[in-house]
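Right, one structure below, let's go through it.
What follows is calculated from the coordinates using simple rules that are stated; it is not laboratory data. Predicted model, so just to flag it, every value in this text is computed and none were measured. We place every Cβ from the backbone using ideal geometry, glycine too, and count neighbours over all the protein chains shown.
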Amino acid sequence: MSKNNIDIEKTLELEKARQLLESRVQGGMKSYLVSLELPDDDPVEIQESLVELGALVRTLGDECVGVTVQKKAKPVPATYIGLGKAEEIKNTCDSLKFDYVIFDQELSPTQVRNLENLIVKPILDRTGVILQIFRKNARSKEARTQVEIAHLEYIAPRLSNAWITWERQRGGGGSGGRLKGAGETQIEIDRRRMKDKIASLRKDLEKIQKERETQRKNRADEWNVVLVGYTNAGKTTLMNFLTESHLSAKDSLFETLDSSIRRIRGVNNMNILVTDTVGFIRNLPHGLVASFRSTLEETSKADLLLHIVDITHKSYKEHIKVTDEVLAQVGASDVPRIIVFNKIDKILGEPRLPKILARGYPRSICLSSYKEEDIKRFREMIVNFLAQNMVEEVFHVAYGDSKMLSLIYSHARVLESNWTQDEGIFKVRMSKSIYHRYFAPVKAEEEQEWQIKSN
């Protein structure tokens, strides 16, 4: 068999493996993990990230059969890792029989193609794995639409050239090895179709977002509390006990992708809605943050954020940092929050830990979702916080006062709005800290002008 025919068979076999990995509906495949350690990297963080990547693989239902870390001064532009390491991984496949390789860092489309040609196995990066999990777990129309947009934007620049190889086999070709026939036309067609599909999905998402905004306005007179935190911190389990619900809560990463809203029962004179949200993770793909922005922006409209932290995890401080960073990306940095150190019942022999955490995080609580007295105490804390730390005010806004309108819609929750012939009247709710930072000076000016008019 000629070298050309061998290359064709190898390319088509690789394309078949890619399609199998992309279209499968269940797990059972074997993976091999790869990471690159640069001079400024912390080896402990590299290992923790690989452990987390292994957990992502298990969430897909797959098995991790091996791990390798290469130390280099800088990434290789064409292949990210060195050619020798790539050859070593290829040889390792003969003994471990893995189906695909996962890199813990994000790879460029060119790096993926080059590595696949060297290793002759499908290559995924961290983003690709997370996208597969999201596609598996998305249930609502909104979540599926958001995930599909992120997925198409991810794979568009990674389209395979396998059918170019097939065209060569048929005898097509061009000068300099550059194909000018059906293959090149096909990739243009595929990319245009993806672009059109993304545009169509974005229109669908806009309609869903308008429905969400209408629903939010209908709930304007109710208090809005949102659960946030690292994936698998126990948000959904805690929400079930807090609201007496029965949402699916499994011990796996990204089990919750769809926002669920439930009401706290038995709260006198207060209508409190609790929203569960998608969990966060280190190096969360930018495309997913962008696609899920409409969902994540629920956090910026909240009266209170409950930041759930798995206190049993040794990297809980890093998890807090990651969550804070994502909240900042979606404009929720100023929303009042309570840090909830969950799973405290699993920490044995540390009776002073709650007091230590309280000193480091003054607005926090330690609890176990499974202890009734803890849930009761937590529910009371939420009610008291909302009652004591929120204010409702009425503002009169002149036509053309875009600065004031921007302040209201950026930092407050609009309960009622009404435009008269002379002005807009807004009844809003916000935290006391937000009020004193942005609105107290404006309110003082309003009262001063009213007194002048009265005199």
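Packing-wise, with mean Cβ within 10 Å as the measure, how do 419-432, 351-364, 296-309 rank, highest first?
296-309, 419-432, 351-364
Take the alpha carbon gyration tensor of the stretch 219-388, find the square roots of its eigenvalues, order them as a ≥ b ≥ c, and report rounded if a/c is under 1.5; if not, report prolate when a/b exceeds b/c, else oblate. Note, shape of the stretch 219-388 comes out rounded. With Rh defined as the Kirkwood radius, the inverse of the mean 1/r over Cα pairs, the Rg/Rh of the stretch 1-121 is 0.98.
Could you work out how much longer the chain between Ala398 and Glu88 gets when fully extended? Use 0.36 nm per residue separation minus the Cα distance between them, nm to one decimal.
Result for the pair: 104.6 nm of gain on full extension.
Straight-distance candidates among the lysines for linking to Lys10, with alpha-carbon spacing under 19 Å and chain neighbours fewer than 8 residues away dropped: Lys90, Lys97, Lys121.
Once you sort the root eigenvalues of the Cα gyration tensor of the stretch 262-350 as a ≥ b ≥ c, which label holds: rounded (a/c under 1.5), prolate (a/b larger than b/c) or oblate (the other case)?
On the way: a/c = 2.14, a/b = 1.01, b/c = 2.11.
Oblate is the answer for the stretch 262-350, as a/c is 1.5 or above yet b/c matches or exceeds a/b.
Please go through the residue pairs Lys301/Lys343; Lys343/Lys427; Lys317/Lys427; Lys72/Lys197; Lys235/Lys301; Lys207/Lys403 and name each one whose alpha carbons sit more than 30 Å apart in this structure. Among Lys301/Lys343; Lys343/Lys427; Lys317/Lys427; Lys72/Lys197; Lys235/Lys301; Lys207/Lys403, the Cα-Cα distance tops 30 Å for Lys343/Lys427; Lys317/Lys427; Lys72/Lys197. Length gained on full extension, Arg135 to Thr312, computed as 0.36 nm times the residue gap minus the Cα-Cα distance: 60.9 nm.
Across the stretch 1-136, Cα pairs under 8 Å and at least six residues apart give a relative contact order of 31 percent. A full extension of the chain between Arg158 and Ser108 corresponds to an added length of 17.1 nm, given 0.36 nm per residue minus the alpha carbon distance.
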